[in-house]
Structure formats: structure tokens, C-alpha cells
1. Rounded to the nearest 20 debye, what is the charge dipole size of region 2-198 about its Cα centre when +1 sits on each Lys and Arg Cβ and -1 on each Asp and Glu Cβ?
2. Among residues other than His35 whose Cβ falls under 11 Å from its Cβ, what is the net charge (Lys/Arg +1, Asp/Glu -1)?
3. Counting pairs of alpha carbon atoms under 8 Å apart in space and at least six apart in sequence, what relative contact order in percent does region 2-198 give?
4. What FRET efficiency would be calculated for the residue pair Thr7, Arg172, taking the C-beta separation as r and a Förster radius of 25 Å, to the nearest 0.05?
5. What length, rounded to one decimal in nm, is gained on full extension from Asp17 through to Glu45, with 0.36 nm per residue of separation minus their alpha-carbon distance?
6. Per-residue HN-Hα couplings for region 112-122, Karplus 6.51 cos²θ - 1.76 cosθ + 1.60 at θ = phi - 60°, whole Hz, x for Gly and Pro?
7. Tell me, in nm to one decimal, what length is gained between Asn188 and Asp78 on full extension, where the rule is 0.36 nm per residue of separation less the Cα-Cα distance?
8. Calculate the FRET efficiency for Ala93 and Thr119 from the Cβ-Cβ distance with a Förster distance of 25 Å, rounded to the nearest 0.05.
Amino acid sequence: MSTNTLTVHPLTPDLMDDMGQVLRGSWGSTCWCMHPRLRDAQMRELPGEGPLKDRRRAAMTALAQRDHAPGLLAYDGDEPVGWIAVAPRGELARVDASRATPRVDERDVWVIACVTVRTVNRGTGVASALIEAAVAYAFDQGAPAVEAYPRAGCERTGDDNAYFGTEPLFARAGFQIVRGPLEGLPKNWIPRVAMRITEP
């Protein structure tokens with residue numbers, strides 16, 4: 001699958017080191033993008049021995065063996081430069097249970113839960129290309145719509161706080177706001193909007 005000058009590939013077990021290269025230097029380096037998928041108790045119960053980060057990697061490797069990938073990797077030539085997690089919402093236990101991201105309706109949407117671009121490649125269009133590719137991949141897998149829950153508004157934020165994206169980023173990709181920021185959440189929580197794109 002190609003998008004602009006980048007090549008984008010579904011994650012497979014043999015690409016796990018490339019995923020690790022993209023995540024290196026961010027908090028995602030120990031998360032292996034399992035945070036959106038598992039609540040705290042589920043995370044603690046991951047099978048295996050050794051550090052939790054190793055068990056997270058093993059869990060993501062297992063997900064990468066399935067028919068639909070847990071996400072996509074972007075490459076500039078042979079160099080991995082970005083990662084995006086996309087999955088049916090029902091697979092994302094933490095997202096589905098969070099007060100910050102309740103369901104908009106009962107539609108069986110897929111969700112973009114995380115976008116990560118290597119520091120040296122940020123600002124070059126990699127995130128936009130990944131979103132475009134993730135939407136196409138979800139629709140190819142039968143998704144009726146794709147949602148994201150990015151930071152509301154246009155205010156800049158630290159890169160590690162932007163893993164779930166920003167409103168302008170998804171708006172440029174054709175997503176529409178279907179729910180504004182929620183009221184009654186803790187004041188220190190980042191305001192988020194629900195945005196959706198439906199298959200043409």
C-alpha cells in the first residue's frame with residue numbers, strides 16, 4: 001500500500017523491530033501500543049515472564065499474526081518512520097471504557113487510537129499519510145466508519161501528548177466532529193472531540 005512518497009505496511013511479526021524503532025525515545029517504547037487495548041488489570045495479567053514491556057511486545061506480536069493487523073507502519077525507503085494503531089473499537093478495552101471517549105452511538109466503528117512519528121520525521125506529512133492509509137485499511141476490512149478522539153482545538157502540545165492526534169490533523173484527513181468536548185471531566189484531562197469518517 002503506497003501513500004504519496006511513503007510506503008505503508010500492515011504490522012506483521014517480522015516487523016516488530018521496525019515498530020520498536022519508531023517508538024524508541026517516546027513513552028510508547030515500553031507501551032508497544034497495548035495501552036489503548038487493555039485496562040490496568042488486563043495489563044497486569046499479560047502472560048509470560050520478565051518485564052511488563054517485554055510481555056506487551058509479545059502481546060502485540062501475537063496480534064500481528066491475525067488476519068487484520070493491529071496497525072500500520074510507514075517507511076521512507078527502508079527506514080521505518082511512523083506507526084498508527086487502528087482496530088475495531090471493541091478490541092480497545094481502555095478506549096471503550098474511558099469516560100474521555102464514550103461511544104457516540106452503537107455503530108461498529110473502527111478507531112485510530114495512536115499515531116506516532118519518529119522525531120526526525122515530524123512535520124513532513126507522515127502522520128497525515130498514516131491516517132489516510134489507516135482509513136483505507138479499515139474500510140478494506142469492512143469497517144462502516146472510522147473514529148478518532150483527538151485533542152480539541154488548535155493549541156499546540158508536547159509531542160508525547162499528541163499520540164492520539166489533534167483536531168486539525170484529522171480534519172485535514174476528512175474527519176468530521178460528531179461530538180464536542182465532554183463536560184464534567186476532571187479539569188486536568190485534555191479536552192477531546194470525537195471525529196468520524198464514513199466510507200464514500
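1. 660 debye
2. Charge balance near His35 sits at +3.
3. Reported as a whole number, the value is 20 percent.
4. After rounding to 0.05, the efficiency reads 0.75.
5. On the way: separation 28, 0.36 × 28 = 10.08 nm, distance 2.39 nm.
Here the segment from Asp17 to Glu45 would lengthen by 7.7 nm.
6. 8, 9, 7, 10, 10, 10, 4, 3, 6, 10, 6
7. 35.6 nm
8. 0.30
Every number in this text was worked out from the coordinates using simple rules, so none of it is lab data. Note that the structure is a prediction, hence the values are computed from the model and not measured. We place every Cβ from the backbone using ideal geometry, glycine too, and count neighbours over all the protein chains shown.
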